[in-house]
Structure formats: C-alpha cells, structure tokens
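The values are calculated or read from the model by the stated rules, or taken from the named source; none is laboratory data. Fair warning: this is a prediction, and the values are worked out from it, not measured in the lab. Note: ideal-geometry Cβ built from the backbone for every residue, glycine included; neighbour counts use all protein chains shown. For accessibility, only protein heavy atoms count, side chains too; no ligands or nucleic acids. Shrake-Rupley method; radii C 1.70, N 1.55, O 1.52, S 1.80 Å.
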Amino acid sequence: MQNYFYHHLLSFAIWLPVLAGVVVLASANENKPNATRWLALLGGLLSFLVTIPLYTQFNFADGGLQFQEGFSWIPAFNINYHLGADGLAVPLILLTSFTTLIVIIAAWEVIEKRVAQYMACFLIMSGLMIGVFSALDAILYYVFWEAMLIPMFLVIGIWGGPNRVYATVKFFLYTLLGSLLMLVAFIYLYLNTGSFEIADFYRFPMPLQVQILVFLAFFVAFAVKIPMWPVHTWLPDAHVEAPTGGSVVLAAIALKLGGYSFLRFAMPIAPDAAHHLTPYMISLSLIAIVYIALVALVQKDMKKLIAYSSISHMGFVTLGFFLFNNIGLEGAIVQMLSHGFISAAMFLCVGVLYDRVHSRQIEAYGGVANTMPVFAAFAVFFAMANTGLPGTSGFVGEFMVILGAIQINFWYAFLAAFTLIFGAAYTLWMVKRVFYGAVANDQVAALNDLNKREFFILATLAVLVLALGVYPQAVTDMTNATVNELLTHFAQSKLPASLPAGL
Amino acid sequence: METIRYDLITALPELIVLCMAMVILLTDLFISPARRMVIYSMAQLTLLAAAYFSFSSHAPSVSTAFSGAFIDDAMADVLKLMMYLGTSFIFVYSRQYLQHRGMFRGEFYALVLFSLLGMMVMVSGQSMLTLYVGLELLSLSLYALVAMDRDNAKATEAAMKYFVLGALASGMLLYGMSMVYGMTGSLNLAEINLALMSGAKIHAVMILGLVFIVAGLAFKLGAVPFQMWVPDVYEGSPTAVTLLISSVPKLAAFAFVIRMLVQALPTLAVDWQQMLMIMAVLSILIGNITAIAQTNLKRMLAYSTISHIGFVLYGLMSATMNGFIFAMFYVVSYVLMTLAGFGIILLLSRPGFEADKLDDLKGLNQRSPWHAFLMLIVMFSMAGVPPTLGFYAKFSVLQAALAAGYIWLVVFAVLMAVIGAFYYLRVIKLMYFDAPLDTHAITAPMDTRVVLGFNAMALLVIGLMPEKLMEICIYAITSSLS
C-alpha cells in the first residue's frame, strides 16, 4: 500500500482534491454550511499533505523528470496518461496545494451562498492545475489546462462583483483562443512524430520557419495566461470582479501555468525560434515591467492596482526566461514562487478590507492603521515585499533577474531596475492613502481588527515570504539541476540537416 | 425460396420495425386513451427487439440481400444500434411533453418508427434506389410529425416550409442520381464504382450529377448554403419532434454520404472534396456567428447544429480513412449531445410553457443544481472544452483535416470554435449567474431523470475514456470501407 502510494504520488496529488471536491458537492446541504466547510477543509488539508512527499522524496541532484508514472490512455491517438515532475514543477505543485488550503480557510464565513459549490470549484481546480504542472503528454496537459477554465469561469461568474459576467466571459474566451491555437500546434507535432509525448516533441527537428509558427502558437496561449503585454487586458477585469479566493488562485497559480508552460513547451520544442524571437520577447517583458507599472500608479481600485502590479512582476519572469542564462532563469522561477505568496497575501489583505467595508476603492479608506493596527502591520509588510525589499522573497527573484540581465545587456537591466522605483511608488502610495493619515470616515472608524482566522492566514504567508527571502536556497537547490538541464536543452539547435520535402 | 428467406433474415430488424409500426397504429384504434402506456411500451420493446437482432447478426463480414440493393455491414449495424438507442431516449424524454399537449397518441409512435425504418434503409442502402426510398420514408414521416400539433400555426408553417424545401432537395437528389445512372448504367453503388474505375474519361454530366447529389445531401444534413429550413423547423416544431429531427437522422445522413460519395463515387473525390470544403467552411462560419444573435434556445441549437455539421464535413472532406472514422465519431458524439440538450428543454417544459427561450434557463442552478450541471456538461461538450466528449470529436476531425494538409482551414475552424464558445457560455451564464425568473418546481418522471442523467454524464465519462467509442467507429468504418 505504502509502495503504491509512493509510486503514484502525482496521481494522488491530482485526484485527491478532485475527489474531495466531488464529495463536498455530493454531500452538500444548504442548511448546514459548517459541515461543508469542515469537509472542504479536510479535503484541502489531505490534498496538501499528499504533496509533501514530493519535496521529501525529491532527488535534488537529478535535473530530469521524477515521480514518473503512466499508462496508455487513448491508444487510437497514442495518447498516454504520463505524469512526472522536475525541480521546476514540484515547487509549483506545492504552491498550488498550499494556496488552495489558504483559499478554503479564507472563504470560511465570507462565502455564504452556495458554499459547497464554491469549495468544490477550488478543490477541483487545484487538482486540475497540479495536473497541468505534472502532465508529460501534450493532450493530457491540454485537457487539464482547459478543464481548469471551467471552475474558474464559475467562480468569477457566481461569486464575483457587479460586472462579473463580462469579466468571466472575457477571461474564458481569451484563454480559449490562445489554447486552441496551441492545440493545432500539438496536432501538427503529433502528425510528424506519431505521439503526443512531450519528450518526442523535444527530439523532432524543424526548420526555422516552422519552429517560428509553432512557437507563436504556443506564445499566444501562454502569453495570454501569464499575461504579457498587450494581451493582458482580461486580467485586471477578472481580478476586480473575482471573489477574493478567485483572485488569489488566479494571481498565485493560474499565471504561473503560463510561465511554466513556456519552459516546458515553447522554448524546448522550438529553441531556435525562441532564440530568434528573443529581442521581441524581451521587449514585451520590458514594456510589461515599465509601462504596466506606470499604469498601476494611476489606479483607484486596490485590486486593479495589484492586478497591474502582477503583470509587471510577471514581466520579470518572462525577462528571466529569455535571458538564457542560469541566474536569470533561476531568478524567474524564484520570482514565480515569491509572487505566488505575495500576490496571494495582497489580495487577501484587500479581501479583509472588502469584507468589512464592501469597497475596493482607495478613496473609501484612510487611516485604517488607527483602527486595525495588527492588520496594518501585515499589509505594510506585504507591500514592502511587493516592492522588493531585501530580506523578503520579492527581492531575491528580481535581483537575480536583474543580475542575469546585466550580463546580457546593460540597458535591459537598467530598464528592469526601474520597477524598484515604480513598484515602490505605486505600492507605498496606496499604503499611505489607505492605512495612514487621519481616520477618513465612520466606516473606517468602526473597523475591527483581524480575527484569529485572518491572522493565521496572513501570518503563515508572512513567514513564507520571509523564509524565501532569507533562505532562497530551499528553492534554488531544487531548481538548480533542472535549470541546467533546461538551458542545455534550449542551447541545442533543432534545425534539420536538410529541409523536409514539401517546405 | 432460399434466397428470399435469406433476404428476409438479413433485413430482419427492418421488418420488425415495419410490422410493429403498423401494429401500433392498429392497436391505438382499440385502446382507451388512459391506457396509452401500452403503446409506449410496445414502441420501446420494438426498439429492444430490433436491437437484439441487429446485434446478434452483426459480423465484420458483409452480407448483401435483395439482389445487392441492401447491405448489412459493420457500419450499418453500429449506426442502427446507435439509432435504436437515440430513438429510445427520444421516447423517454418526450413522453411527458406529449401527454401534456395531447399528442400522446399512437400516430406519434408509429410515425417515429416509420422514420426510423427510413433511416435504417438509408443506412443499409446499397443501391441509389434503396437510398432514395429510405430517405423519402424518413422525410415524409418527419413532415407529418412536424405538423402533428395541428392547431399550432407555427408548427404548420414549419411543416409547410420543410415539405416544400425538402421536396425540392429530393428532386435535386433524384435528378443527380439519374445522371449518374445514365452515365454508368447501374443503380448499384458497387457497380457504379466499378464502372468509373474502368479508366474511361469522366464525362462532364457525371460532375453535374455529382453537384446535384451533393446539393441534395447538403440539404438533408443542413449544411450552408442549404440550411435555410433548419432554424425555422427547429423552432416551429413541437420540441419532442425537434429532438428527433436534430438527432438520429444525422446518423442516417452521414451513412448516406459515406455510401454515395465514398463507396460509389470515390473516383470523383477531388471534385466532392472541394464542394464539401466550401460547405464546411460556410457552415462553421454562418452557424457560429448567427447563433450569437438568437434569443430562442431551439433556434440557437439549430445554428449550433449547422456548425457541428460543418465540423463533420471537415472530417469527410479529408477523404481519408481516418477522416471518415473521425467524422463518424463526431456525428455520434453530436447525437448524444443534442439528445441531452433537447432532453433538458423537454424536462423544463410544462403544460402551456415551452421553456424554449434562453431566458427560461435563468437561475436553473438555484432551482435544480443537478439539472443545471447536466446542461453545463452538454454546453461545454458542444463548445468542445475538455474533458468532455465534444472535445475529442473536434480534436479528431481537426486532426484528420490537418493530416490532409488543410492547415489554414483548421486555424479558421479553431477561431470559429472560440466564437461558438461564446453562445454556449451564455447559456451557462444564464443558468449559473442569473436569478431565476421562473420558480415552478421541476416535475419529471423518474425514468426521464435517470436516462437524462445517464445521457449527459456519458458525455463526461466518454470524454474521460473515449477509447471504446473510437474503437467502435474504427471497426465500423474500416470493415465497411476496406
């Protein structure tokens, strides 16, 4: 039994939360929401616990894929149920199961209508996202990638704000458009390699023109998800309208799906195209970093501000990818994790305020620190982490990416470093207007400080942000071997010796 | 004597359906309205018996009867079994609806069985004459069914429209067939193929005949530019009849296309590929874009059908073995989806209320989370979102088209699928994000609920494990076409 468990760790990580979601849904009773909440918490906790062995059993020296398992799923198309995870995927899987647990706790009394459906959506989504991070067969990956849209669509649409329908349909259609083009690329690769195994795609040589088309098909899918400028416009809408839990999962995990997929698909499958298009990719990343930061500066809505800040921070991730050096890539991965914690925490902070005042507008607040001192301490801490204060995780990733950039081109680093100024400007300005100054109105005067549940969540995240900031080796040790492996992959040209017939 | 017996045994399922349709018609005269459940049970038993004989006689080998005009091969058996299943679902879903509207009469069941017989003959047709006879039997039964709700002006109008356009299409088809007959000297599909294979130069009349045949088929399939009747007939017919028109006959039409174009006229593949391509692209374009503007759910599903047919044509136009297999997979998936979709509309209707407006679905999640969830699966399946069956259907036809080299057409289809997703999402939005307008409790007999649940969950379960259905389609097509 124990052996069985250790050989199917990833399957457990995927299917346990899905099963828990189905159980929560099936045993739902609108009159007993507390029973549903405890059941969901139990499911979330178990789902988190089964992902822990992925860390403890991980072989740090191995840069390849571990925990592999699989069987033939649809022989007619040679599609396999093939899972595996490397140093890139494991931290993200842990982040996913952890965030889901946080979201379940954060929703405790906040969600009052249709509790079971809410909890089930997040549990199922968690399993599907872990599936995305661990699938090694393109179609299996695609199924998880697309299926994940369904619960997210419902979460934003059912529990979201006043303009939720527009936001959720936009979110769905943007992502669907991108992913269908990716599907065409998958089919193209399948017709040429005879399988949907990602490893076979890696080995398939393609001339540059074809590689560019394949890369662009992937690019559309992943750039929408990350999101990169100029296809980012769905994100502010979705974040503003989503309930707190939806925003947390979107920012902390869903955006990482795009980043992860760049490294898993686009760059190793079409490495020559990736090198060829590097100037464009870096330009888009820098635009995201600088321009979107300026956009964030003028936002009046706190969630929108954090959403734009997310886009700007994800710009660092894509910049790190396309530097093609060790420190840049590793920095990008650390940045993904760090952003997962910090953005989750920031959205939870906004959620704390929103639950009390029912407004996300900055101007509705002022002097919150006077009535909620503990909360203000947390909020200021996370704001500092968001601006990249040394000692917090926000600093590590950005610093590594800037170091990587300066090795390639001084001006890349110069422009990227602007974020340290702009990031501080928009975050701290918001903090100043919301938390400091005189108590702005009666609503703020009547605020109660954090309850135990909220304190617990924010304290956990604060510890993690600090831990990752002080001791990033916990992650980099894990990613080191994988990053080297990925970089050797990216460096190998896949141009065929001679052009195949018909091209 | 021996041949006649052999012929009759080969066509045993057809004979059962034929006899029972007449028995039902007669029994209905002598039975009191209160005991009409007997008729219903007889109709269901007929399907069961026919299914038993179709299944027990199935073999990978091919047997022909009636001097080669009738064929019993794997494709015919598989498609017939699907038809029985679909018709049985139709009977279950429509019973309460018919009772509420005074249409729960023997005629309905007899006419549906006659149309089923027509479809079975089409599926087994090996001569142009058999195919045509089957098609006409199907069409005439459907015209009568559409007009069954006599006092309903909309239904009568729909029936009229359907009849006039349908007769025109039959005429075209027959005209085309006569040209093919004239050029090849045979009605038998295999002989036509042989005559064309002999290497003689293909005369222009042959191409002209092909154009007429394809146009007639396109009308029956509801492909653009012969789609005009589809939305009006879907909307005007009683929902129980729409359920029939939109589902099972597509299986027969598919078989018709395979028999006519692939078995008889493969030598003209280059010509019909182009025609199918144009129809496929237009169907996907017009179907998806027009569906967005609809407020009537039945009309919306009609346009959605047109776009699904476009996807089926993507598989057929590839003119490869895989293309035909995947087109069949698509048709079967489509039938399962459309049955569940209309099944839910029927479930929500009650006396004096049709539940055929999009707004009637508002807040379904609050009225009945289970049925909202079933409709959610149906909609995502139609949109082609994994892990539902509709995803594999789209995925496989697109793969066939890509393998045949139509890369930009595939990209086009994909873009249209995104537009299509929009109106399916709108249905989900209405069910999940809006407050209910209608607070009546949903009343439906237990068997309807169970079968509907089974039908919709099948879309999810087969979506997770599509291998079995795919194997069946591979078996049907490869053993019939090789």
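For region A:159-179, filtering for residues that are facing chain B (nearest Cβ under 10 Å), in contact (Cβ under 8 Å) with a residue 60 or more places away in the chain and not aromatic (Phe, Trp, Tyr) leaves 3.
Scanning region A:46-73 for residues that are within 14 Å of chain B (Cβ to nearest Cβ) and touching a residue at least 24 places away in the same chain (Cβ under 8 Å) yields a single hit, A:Trp73.
Hey, any hits in region A:449-469 for a residue that's in contact with a Pro (Cβ under 9 Å, 6 or more places away or on another chain) and more than 22 Å from A:Ala369 (Cβ to Cβ)? Within region A:449-469, one or more residues are in contact with a Pro (Cβ under 9 Å, 6 or more places away or on another chain) and more than 22 Å from A:Ala369 (Cβ to Cβ).
Select from region B:379-396 the residues that are more than 12 Å from A:Leu183 (Cβ to Cβ) and within 11 Å of chain A (Cβ to nearest Cβ) and write down the one among them that is surrounded by the fewest Cβ atoms within 10 Å (Cβ to Cβ).
Our first condition is that a residue be more than 12 Å from A:Leu183 (Cβ to Cβ); within region B:379-396, this holds for B:379-383, B:387-390, B:393.
Remaining after also requiring within 11 Å of chain A (Cβ to nearest Cβ): B:379-380, B:383, B:387-388.
Details: B:Met379: 24, B:Phe380: 29, B:Ala383: 24, B:Pro387: 22, B:Thr388: 30.
It comes out as B:Pro387.
If you scan region A:26-47, which residues turn out to be in contact with a Pro (Cβ under 9 Å, 6 or more places away or on another chain) and within 19 Å of A:Thr99 (Cβ to Cβ)?
Quick first cut of region A:26-47, residues in contact with a Pro (Cβ under 9 Å, 6 or more places away or on another chain) only: A:28, A:43-44, A:46-47.
A:Gly43, A:Gly44, A:Leu46, A:Ser47 - these are the residues of region A:26-47 that are in contact with a Pro (Cβ under 9 Å, 6 or more places away or on another chain) and within 19 Å of A:Thr99 (Cβ to Cβ).
Pick from region B:177-198 the residues that are assigned to a loop (DSSP other than H, G, I, E, B) and either aliphatic (A, V, I, L, M) or farther than 17 Å from B:Ala69 by Cα (or both): which of them is least open to solvent (accessible area, probe 1.4 Å)? Among them, the one singled out is B:Leu187.
Suppose we filter B:Leu131, B:Leu173, B:Leu138 for residues that are touching a strand residue (DSSP E or B) at 6+ places or on another chain (Cβ under 6 Å), surrounded by 23 or more Cβ atoms within 10 Å (Cβ to Cβ) and modelled with pLDDT of 90 or more; which single one remains? Break it down stepwise before answering.
On the way: B:Leu173 fails: touching a strand residue (DSSP E or B) at 6+ places or on another chain (Cβ under 6 Å); B:Leu138 fails: touching a strand residue (DSSP E or B) at 6+ places or on another chain (Cβ under 6 Å).
When all the criteria are applied, what remains is B:Leu131.
Of all positions in region A:437-446, at least one carries a residue that is surrounded by 13 or more Cβ atoms within 10 Å (Cβ to Cβ), β-branched (Val, Ile, Thr) and more than 24 Å from A:Thr99 (Cβ to Cβ).
Scan region B:98-128 for residues that are within 22 Å of B:Ile345 (Cβ to Cβ) and open to solvent by 10 Å² or more (accessible area, probe 1.4 Å) and the total you get is 7.
Cβ-Cβ contacts under 6 Å between residues 6 or more apart (or on different chains), taken from a first residue in region B:224-247 that is farther than 26 Å from B:Met275 by Cα and of a type outside the set (A, V, I, L, M) to a second residue that is open to solvent by 10 Å² or more (accessible area, probe 1.4 Å) and assigned to a loop (DSSP other than H, G, I, E, B), are listed as B:Pro238/B:Asp149. Is it the case that region A:320-338 has a residue that's buried (at least 24 other Cβ atoms within 10 Å of the Cβ), aromatic (Phe, Trp, Tyr) and at negative phi? Scanning region A:320-338, I find at least one residue that is buried (at least 24 other Cβ atoms within 10 Å of the Cβ), aromatic (Phe, Trp, Tyr) and at negative phi, so the answer is yes.
Table: residues versus (1) touching a residue at least 60 places away in the same chain (Cβ under 8 Å); (2) under 16 Å from B:Phe219 (Cβ atoms).
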site	(1), (2)
B:Leu117	yes, no
B:Ser124	yes, no
B:Leu131	yes, yes
B:Leu137	no, no
B:Tyr162	yes, yes
B:Ser170	no, yes
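Check region B:221-231 and report whether any residue there is closer than 20 Å to B:Gly134 by Cβ and among the β-branched types (Val, Ile, Thr). Within region B:221-231, none of the residues are closer than 20 Å to B:Gly134 by Cβ and among the β-branched types (Val, Ile, Thr).
Need at least 3 residues that are surrounded by fewer than 24 Cβ atoms within 10 Å (Cβ to Cβ) per element, so show me which helices (runs of 4 or more DSSP H) inside region B:260-368 make the cut, counting only ones lying wholly within it. Break it down stepwise before answering.
Details: elements: B:269-292, B:297-317, B:321-348, B:364-367.
Helices (runs of 4 or more DSSP H) meeting the threshold: B:269-292, B:321-348.
Filtered by the rule that a residue be assigned to a helix (DSSP H, G or I) and crowded, with 20+ Cβ neighbours inside 10 Å, region A:359-368 gives a lone residue, A:Val368. The condition of being under 21 Å from A:His239 (Cβ atoms), within 10 Å of chain B (Cβ to nearest Cβ) and either buried (at least 23 other Cβ atoms within 10 Å of the Cβ) or of a type in the set (A, V, I, L, M) (or both) holds for only one of A:Ile187, A:Ile139, A:Ile156, that being A:Ile156.
Looking at B:Lys154, B:Lys201, B:Lys220, which is the one that is touching a residue at least 40 places away in the same chain (Cβ under 8 Å) and either open to solvent by 60 Å² or more (accessible area, probe 1.4 Å) or touching a strand residue (DSSP E or B) at 6+ places or on another chain (Cβ under 7 Å) (or both)?
Numbers: B:Lys201 fails: touching a residue at least 40 places away in the same chain (Cβ under 8 Å); B:Lys220 fails: either open to solvent by 60 Å² or more (accessible area, probe 1.4 Å) or touching a strand residue (DSSP E or B) at 6+ places or on another chain (Cβ under 7 Å) (or both).
Going through B:Lys154, B:Lys201, B:Lys220 in turn, the sole match is B:Lys154.
Contact map, region A:80-103: first residue farther than 25 Å from A:Leu458 by Cα, second residue in a loop (DSSP other than H, G, I, E, B) and of a type in the set (Gly, Ala, Ser), Cβ cut-off under 6 Å, separation 6 or more or different chains; the map is empty. In summary, B:Gly405 fulfils each of the numbered conditions (1) assigned to a helix (DSSP H, G or I); (2) farther than 19 Å from B:Gly341 by Cβ with the single exception of condition (1). Residues in region B:429-482 that are surrounded by fewer than 17 Cβ atoms within 10 Å (Cβ to Cβ), hydroxyl-bearing (Ser, Thr, Tyr) and away from chain A (no Cβ under 14 Å): B:Thr439, B:Thr443, B:Ser482. Filtered by the rule that a residue be open to solvent by 30 Å² or more (accessible area, probe 1.4 Å), modelled with pLDDT of 85 or more and touching a Ser or Thr at 6+ places or on another chain (Cβ under 6 Å), region B:51-80 gives no residues. For region A:202-214, state whether one or more residues are open to solvent by less than 40 Å² (accessible area, probe 1.4 Å), touching a residue at least 12 places away in the same chain (Cβ under 8 Å) and within 9 Å of chain B (Cβ to nearest Cβ). Looking for residues that are open to solvent by less than 40 Å² (accessible area, probe 1.4 Å), touching a residue at least 12 places away in the same chain (Cβ under 8 Å) and within 9 Å of chain B (Cβ to nearest Cβ), one finds none in region A:202-214, hence no. Taken as a whole, the structure places A:Trp108 among residues that are of a type in the set (A, V, I, L, M, F, W, C) and in a loop (DSSP other than H, G, I, E, B). Within region B:406-428, the residues that satisfy the criterion of being at the interface with chain A (Cβ under 9 Å from one of its Cβ atoms) and open to solvent by 20 Å² or more (accessible area, probe 1.4 Å) are B:Ile407, B:Val411, B:Leu415, B:Ile419, B:Phe422, B:Arg426.
Filtering region A:220-236 for residues that are away from chain B (no Cβ under 14 Å), open to solvent by less than 10 Å² (accessible area, probe 1.4 Å) and over 21 Å from A:Phe322 (Cα atoms) leaves a non-empty set.
Name every residue in region A:75-102 that is within 14 Å of another protein chain (Cβ to nearest Cβ) and open to solvent by less than 10 Å² (accessible area, probe 1.4 Å), in order of residue number.
Just the residues of region A:75-102 that are within 14 Å of another protein chain (Cβ to nearest Cβ), to begin with: A:75-81.
A:Phe77, A:Ile79 - these are the residues of region A:75-102 that are within 14 Å of another protein chain (Cβ to nearest Cβ) and open to solvent by less than 10 Å² (accessible area, probe 1.4 Å).
Does region A:387-407 contain at least one residue that is in a helix (DSSP H, G or I) and over 24 Å from A:Gly259 (Cα atoms)? No, region A:387-407 contains no residue that is in a helix (DSSP H, G or I) and over 24 Å from A:Gly259 (Cα atoms).
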